[in-house]
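K.L.:
Take this structure, written in structure tokens, and hold onto it; I'll ask about it next.
The values are calculated or read from the model by the stated rules, or taken from the named source; none is laboratory data. This structure is a prediction, so every number in the text was calculated from the model and none was measured. Cβ placement follows ideal geometry from the backbone for every residue including glycine, while neighbour counts extend to all protein chains displayed.
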Amino acid sequence: MNHLTWADLEEAAAFLRTKIPAGSDVGIILGTGLGGLAGRLKKAGALAYDQIPFFPRSTVESHQGQLTWGRLAGRQVLVLQGRCHLYEGYRPQEIVFPLRVLAALGIKILVVSNAAGGLDPLYRPGDLMLITDHINFTGENPLVGLREEEWGLRFPDMSAAYDPALQELAAEVALQEGIRLRQGVYVGVKGPSLETPAETRFLKGMGAQAVGMSTIMEVIAAVQCGLRVLGLSVITNVNRPDCQEPASLAAIIETACKAEPRLIALVEGILKGLPSEGKV
């Protein structure tokens with residue numbers, strides 16, 4: 001794919017405006033093994049990514065690769081059911097293009113989820129973690145090369161990439177629902193190989209509590225777009241470097257699926273706790 005332009009974004013957004021209802025102010029990105037939340041939508045519709053101009057196609061198991069819309073917890077939302085990753089060979093600008101289109105369609109809040117490996121030895125598979133900050137260890141950035149003013153600030157401030165008020169709301173909902181919600185820093189790596197014991201020690205020493213292969217590109221672009229961001233990780237395995245056990249994609253997906261009902265309950269509670277539509 002050639003360099004994506006603002007005109008490409010406008011074409012994709014114009015196409016979608018003819019297909020989906022207006023008024024969605026929340027966008028949700030669903031990670032590995034977490035596509036089931038889309039099944040909770042009322043008055044829903046969906047389009048495969050390959051039907052939408054310039055959208056990349058996900059090639060990873062459990063990533064359905066479709067844009068879904070409908071009402072969740074009484075709120076109109078747009079859901080990216082599956083994402084693309086750097087390790088699939090996509091450029092950062094391609095990965096964040098769907099997110100930029102959602103912003104053009106009017107979302108103000110982005111809820112981004114992922115499956116992640118735990119670096120804190122106290123974590124357990126199936127735990128949920130509220131992302132309080134991140135470390136970009138991918139060596140990539142979606143803002144590189146983008147010089148069209150319409151994209152947003154060239155040097156966006158990342159001092160509060162994850163919205164503090166949304167974090168507070170998530171913590172309150174978790175407490176009300178009896179959901180254990182860890183809080184920590186997410187470090188993003190390119191992948192697709194999983195971490196060695198030495199890499200685990202290094203990443204933990206950097207100050208991270210969880211590691212994954214997504215989310216970072218999307219959050220950087222979301223901040224540039226002026227969106228409020230809430231990040232949630234499902235801890236699918238825990239890396240203990242002194243007795244590290246083998247991990248497989250199948251096991252990661254299985255653990256994510258088992259944790260998904262609690263993630264759905266948390267997201268629905270958060271949506272109910274937001275101000276009325278149009279006042280996010």
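K.L.:
May I ask you to list pairs of residues, at least six apart or on different chains, whose Cβ atoms are under 7 Å apart, with the first in the range 222-236 being farther than 28 Å from Ala251 by Cα and the second being part of a strand (DSSP E or B)?
P.N.:
Listed pairs, sorted by first residue: Ala222/Leu110; Ala222/Val229; Val223/Val229; Leu227/Ile109; Leu227/Leu110; Arg228/Ile109; Val229/Leu110; Val229/Val112.
K.L.:
Same structure again: From (1) assigned to a helix (DSSP H, G or I); (2) farther than 15 Å from Gly36 by Cβ; (3) of a type outside the set (Lys, Arg); (4) touching a residue at least 12 places away in the same chain (Cβ under 8 Å), pick out the condition that doesn't hold for Ala250.
P.N.:
Every condition holds for Ala250 apart from (4).
K.L.:
Condition (residue is touching a strand residue (DSSP E or B) at 6+ places or on another chain (Cβ under 6 Å) and either part of a strand (DSSP E or B) or aromatic (Phe, Trp, Tyr) (or both)) applied to the range 52-62: is it met by at least one residue?
P.N.:
Step one: of the range 52-62, the residues touching a strand residue (DSSP E or B) at 6+ places or on another chain (Cβ under 6 Å) are none.
No - not one qualifying residue is present in the range 52-62.
K.L.:
May I ask you to say which residue of Gly207, Gly178, Gly184, Gly278 is among the small types (Gly, Ala, Ser), out of contact with any strand residue (DSSP E or B) (no Cβ under 8 Å at 6 or more places or on another chain) and modelled with pLDDT of 95 or more? Give the steps one after another, and end with the answer.
P.N.:
Working: Gly207 fails: out of contact with any strand residue (DSSP E or B) (no Cβ under 8 Å at 6 or more places or on another chain); Gly184 fails: out of contact with any strand residue (DSSP E or B) (no Cβ under 8 Å at 6 or more places or on another chain); Gly278 fails: modelled with pLDDT of 95 or more.
Within the list Gly207, Gly178, Gly184, Gly278, the selection yields Gly178.
K.L.:
Mind checking which residues of the range 129-146 are of a type outside the set (D, E, K, R) and either farther than 21 Å from Ala160 by Cα or part of a loop (DSSP other than H, G, I, E, B) (or both)?
P.N.:
Residues of the range 129-146 that are of a type outside the set (D, E, K, R), as a first pass: 129-132, 134-139, 141-146.
Selection gives Phe137, Thr138, Gly139, Asn141, Pro142, Leu143, Val144, Gly145, Leu146.
K.L.:
Every residue in the range 154-195 that is free of Cβ contacts under 8 Å to residues at least 12 places away in the same chain and among the basic types (Lys, Arg), please.
P.N.:
Arg154
K.L.:
Among the residues in the range 106-128, are any under 18 Å from the mean Cα position of the chain (by Cα), of a type in the set (Gly, Ala, Ser), under 26 Å from Glu11 (Cβ atoms) and at pLDDT 95 or above?
P.N.:
Looking only at the range 106-128, we keep the residues that are under 18 Å from the mean Cα position of the chain (by Cα), and these are 106-118, 126-128.
Among the residues that remain, those that are also of a type in the set (Gly, Ala, Ser) are: 106, 113, 115-118, 126.
If we keep only those that are under 26 Å from Glu11 (Cβ atoms) as well, we get 106.
Next, only the ones that are at pLDDT 95 or above stay: 106.
Scanning the range 106-128, I find at least one residue that is under 18 Å from the mean Cα position of the chain (by Cα), of a type in the set (Gly, Ala, Ser), under 26 Å from Glu11 (Cβ atoms) and at pLDDT 95 or above, so the answer is yes.
K.L.:
Would you confirm, using the coordinates I've provided, whether Gly39 is closer than 27 Å to Ala265 by Cβ and either in contact with a strand residue (DSSP E or B) (Cβ under 7 Å, 6 or more places away or on another chain) or of a type in the set (Val, Ile, Thr) (or both)?
P.N.:
On the way: closer than 27 Å to Ala265 by Cβ: yes; either in contact with a strand residue (DSSP E or B) (Cβ under 7 Å, 6 or more places away or on another chain) or of a type in the set (Val, Ile, Thr) (or both): no.
Considered against the rule, which asks whether it is closer than 27 Å to Ala265 by Cβ and either in contact with a strand residue (DSSP E or B) (Cβ under 7 Å, 6 or more places away or on another chain) or of a type in the set (Val, Ile, Thr) (or both), Gly39 comes out as no.
K.L.:
Of all residues in the range 68-84, which are within 14 Å of the chain's Cα centre (by Cα) and either assigned to a strand (DSSP E or B) or surrounded by fewer than 23 Cβ atoms within 10 Å (Cβ to Cβ) (or both)? Even if it seems obvious, please write down each step before you answer.
P.N.:
Within the range 68-84, the subset within 14 Å of the chain's Cα centre (by Cα) is 78-84.
If the condition is that a residue be within 14 Å of the chain's Cα centre (by Cα) and either assigned to a strand (DSSP E or B) or surrounded by fewer than 23 Cβ atoms within 10 Å (Cβ to Cβ) (or both), then Leu78, Val79, Leu80, Gln81 are the ones that fit.
K.L.:
How do the pairs read when you match residues in the range 92-107 that are under 18 Å from His3 (Cβ atoms) and free of Cβ contacts under 8 Å to residues at least 60 places away in the same chain with residues anywhere that are buried (at least 21 other Cβ atoms within 10 Å of the Cβ) and of a type in the set (D, E, K, R), using Cβ under 9 Å and keeping only pairs 6 or more apart or on different chains?
P.N.:
From residues that are under 18 Å from His3 (Cβ atoms) and free of Cβ contacts under 8 Å to residues at least 60 places away in the same chain, the pairs are Pro98/Arg83; Pro98/Glu218.
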